[in-house]
Amino acid sequence: MPDTPAHVVLIHGLWMTPHSWQPWIDRYQGLGHTVHAPAWPGISELHEERDPQRAPAGLGVREIADHYDAFVRALPAPPVLIGHSFGGLVTQILLDRGLGAAGVALHPGPPRGVLGLPLSTLRASWPVLGNPANRHRTVALDDAGFHYAFAGTVSREQAAAERAALAVPGPGRPMFQAGLANLTPARRAATRVDFANPDRAPLLLVAGGLDRITPASLVRENHRRYARSAAVTAYREYPDRDHGTAFHAGWEQVADDVLGWALRHRRPAATR
């Protein structure tokens, strides 16, 4: 089964667009896989225009998950789902809904029930969470914010160039939904997943030892929350990687490792 071509759906995170996945798209397509990288609702044009007025200010986690839910259900076969950051949270939500053949959550935003709040996460999130009005508007990271949150392993000059090439304004609402999830009743929490769900597809959670916005401690706790599930759940940590793992030097190893794991553990094609 690992050698059989698969549909792969790549799910980007906050402040990113599908453009951030381009090296992965090219690599996976070169291996014969069919790769899809749909944008969050309303995000697709922002890479070229970077106009905050065009960003979907009211977009939340549930709307993003519903958007990918519809996309995945329309595919001819259950795909491998690979999400980064908030895309990793969405990947977990989709698996919990019974979608996907396997899932990989790279440096994922935490679902409800993950209680840790490292100081570095709070600092990296402060450009959004520091102003309650940001719940209803879009927020753009400046060079300093991007360097701290995404690119702590590279120079300020390289981080600024990456921000100019890859980052776009993002809706503040998902950050508030994640940050306040444990104070929100479970039935209303947009970030809730059933950690004990025994029927979901296999899930690999991936952390970076130098990530500041989603530190490895947060991802390890996310992994521990699945302990009661009979479904396959694995954890992998790359000690020298920051939050920009998908586009920083050495991304090839991560891309190959996680897809290889997903192909080895994916469900048979008959299961959506």
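What to note about this one:
- Available extension along the chain between HIS136 and ASN182 is 14.5 nm, counting 0.36 nm per residue and deducting the alpha carbon span.
- Identified option (computed Rg/Rh (Cα atoms, Kirkwood Rh); candidates (i) 0.93; (ii) 1.25; (iii) 0.96): (i)
- Taking 7 Å steps out from each Cα toward its Cβ at GLN29 and ASP199 produces label points 3.6 nm apart.
- Between segment 157-211 and segment 233-262, the Cα center-to-center distance that results, in Å: 17 Å
- Whole-number accessible area per residue in Å² for segment 159-247, which is evaluated in the context of all protein chains at 1.4 Å: 41 Å²
- Anisotropy class of segment 161-226 from Cα gyration tensor, a/c 1.5 cut: oblate
- FRET efficiency, ALA234 to ALA77 (Cβ-Cβ, R0 22 Å, nearest 0.05): 0.45
- DSSP beta bridge pairing in the chain, given as percent antiparallel to the nearest 5: 10 percent
- In this structure segment 72-127 gives 30 Å² per residue of accessible area when probed at 1.4 Å with all protein chains present.
- Heavy-atom surface analysis with a 1.4 Å probe gives segment 6-158 a carbon and sulfur content of 52 percent of its accessible area.
- Added length on full extension, which subtracts the Cα-Cα distance from 0.36 nm per residue, ARG156 to THR4: 50.6 nm
The values are calculated or read from the model by the stated rules, or taken from the named source; none is laboratory data. The model shown is predicted, which means the values in this text are computed figures rather than measured ones. For neighbour counting, all protein chains shown are included, and Cβ atoms are generated from backbone atoms with ideal geometry for every residue, glycine included. Side chains included, ligands, DNA and RNA excluded: accessible areas come from the protein's heavy atoms. Shrake-Rupley method; radii C 1.70, N 1.55, O 1.52, S 1.80 Å.
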